[in-house]
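The next block holds one structure in the form of structure tokens; read it before the comments.
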Amino acid sequence: MAAAQGWIGAQYLHHVLGGFIVGALVARLATWTVRRKGSTLATRLMDGPLLTTA
């Protein structure tokens, strides 16, 4: 889809490439975070609610 928008001139090519790079960085950060903290989060979710009302 992004390549098609660049091809037909609907988006500037550098905007498409910038969006791809930002998306790849966000995906990498999310993957790293889940791999690093995923087991802790899973344990907390199984123990009970993360947020409690006072």
Problem set entry | Residues of segment 4-54 satisfying the condition of being among the aromatic types (Phe, Trp, Tyr) and modelled with pLDDT of 80 or more | TYR12, PHE20, TRP32
For this session: Scan segment 1-31 residue by residue and report those that are open to solvent by 90 Å² or more (accessible area, probe 1.4 Å) and in a loop (DSSP other than H, G, I, E, B).
Result: MET1, TYR12
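The values are calculated or read from the model by the stated rules, or taken from the named source; none is laboratory data. Keep in mind that what you see is a predicted model, and the values were worked out from it rather than measured. Accessible surface areas use protein heavy atoms only, side chains included; no ligands, DNA or RNA. Shrake-Rupley method; radii C 1.70, N 1.55, O 1.52, S 1.80 Å.
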